[in-house]
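J.: Below are the structure tokens for one structure; questions will follow.
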Amino acid sequence: MSVRALMRSDARISGPATPLVRRRQPRSSRPKDILIILHQEHSTPGRVGRLLQERGFRLDVRRPRFGDPLPIDTAPYAGAVIFGGPMSANDPDDFVKAETDWIGLALKDELPYLGICLGAQMLARHLGAKVGFHPEGHVEVGYYPLYPSETACKELPWPDHVYQWHREGFEVPAGAELLATGDTFANQAIRVGRCAYGIQFHPEVTHWMMNRWTTRAHERMASPNARPRQDHFDGRYLYDPGVRLWLDAFLDHWTALKVA
């Protein structure tokens, strides 16, 4: 993060404190920044980032893996998203531990949180649940069926297939609500408290990202239960309209939680 960006961030959080009264913010002064945490040098927030920007939010993109600090104050943010990556939530790297620990700050402050794939596994692990491989070594790489709960269906128009790219899954933490399940990895979406969500699938993926992933990591499609490359693109044609509908509705719901 640049020095100038840090100065702007410091300016946003400075000023007199008001510890006794929490007033509802006027619309013009509500937080407009979304914290975006990525794990590879050339990763992007994809469609999630574009849709957040279309809603008027600024993206504060940080890559702790490459030395970017995590914020110590959530007040300037309307939400935070931790995206996926090739590493594991079980890895001993300092940045993995730092991100997993930081989720506790988001939960304490009731900052709207969205964990995608690795970000969902970090959420589960922070809360004491296990993250691990399928017992038969199966993966989910491509489109797979999704089964939302009755409660989830009452809230949002969930898709019936979603795009996956992972070989580990997570257990449901104590106190979390299971929102959607799958065939290979049972736990696909959870909610923790009022405004923290973890999803195993990848609604952010664009056509360009799918091309990149299936080219640069083509060996993943040789893993047990992975879909062949052409099925990824055929599946996008069939299932992505439902994913787009869900993501639009979800982001409207999720970004409203900060001031609800």
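J.: Quick one: net charge around His253, please, counting Lys, Arg +1 and Asp, Glu -1 for every other residue with C-beta under 14 Å from its C-beta.
T.: Net local charge, His253 excluded: +2.
J.: Considering only DSSP beta bridges whose two residues both sit in the chain, what percent are antiparallel, to the nearest 5?
T.: The antiparallel proportion sits near 55 percent.
J.: What does the helix-only formula give at 222 nm for the chain: each DSSP H stretch with n ≥ 4 adding -39500 (n - 2.57), the total divided by the residues, and the result rounded to the nearest 500 deg cm²/dmol?
T.: The per-residue figure over the chain is -10500 deg cm²/dmol.
J.: Using a 1.4 angstrom probe, figure out how much accessible area the chain has per residue, in square angstrom, rounded to the nearest whole.
T.: 50
J.: So, one more: Starting from the Kirkwood radius over alpha-carbon pairs of region 176-256, derive D by Stokes-Einstein at 20 °C in a medium of 1.002 mPa s and give it in µm² s⁻¹.
T.: Answer from the Stokes-Einstein relation: 148 µm²/s.
J.: Using a 1.4 angstrom probe on heavy atoms only, work out the carbon and sulfur share of the accessible area of the chain in %. Numbers along the way, then the final one.
T.: Working: 6730 of 12900 Å².
So the carbon and sulfur contribution to the accessible surface is 52 percent.
J.: Could I ask something else about it? Which percent of Cα-Cα pairs in the chain sits in each 10 Å bin, short to long?
T.: Spelled out per bin, shortest first, that is 7, 31, 37, 19, 5, 1.
J.: For region 54-149, state which GluC sites (Glu not before Pro) are in a DSSP loop and have at most 13 other beta carbons lying within 10 Å of their beta carbon.
T.: Filter output for region 54-149: Glu136.
J.: Let me check I've understood the local charge: for Gly193, count other residues with C-beta under 14 angstrom from its C-beta, Lys and Arg +1, Asp and Glu -1. What total comes out?
T.: +1
J.: May I ask for the net charge around Val141, where only other residues with Cβ less than 11 Å from the Cβ of Val141 are counted and Lys, Arg are +1 while Asp, Glu are -1?
T.: Summing Lys and Arg as +1 and Asp and Glu as -1 gives +1.
J.: With a 10 Å radius around each residue's Cβ, average the other Cβ atoms per peptide and rank 210-220, 159-169, 42-52, highest first.
T.: In decreasing order of mean packing, 210-220, 159-169, 42-52 become 159-169, 42-52, 210-220.
J.: What is the mean projected area of the alpha carbon convex hull for region 107-162, to one decimal in square nanometres?
T.: 5.4
The values are calculated or read from the model by the stated rules, or taken from the named source; none is laboratory data. Just so you know, these numbers come straight off a predicted model, no measurement behind them. For neighbour counting, all protein chains shown are included, and Cβ atoms are generated from backbone atoms with ideal geometry for every residue, glycine included. Each accessible area value is taken on the protein alone, full model and side chains, heavy atoms only, with ligands, DNA and RNA left out. Shrake-Rupley method; radii C 1.70, N 1.55, O 1.52, S 1.80 Å.
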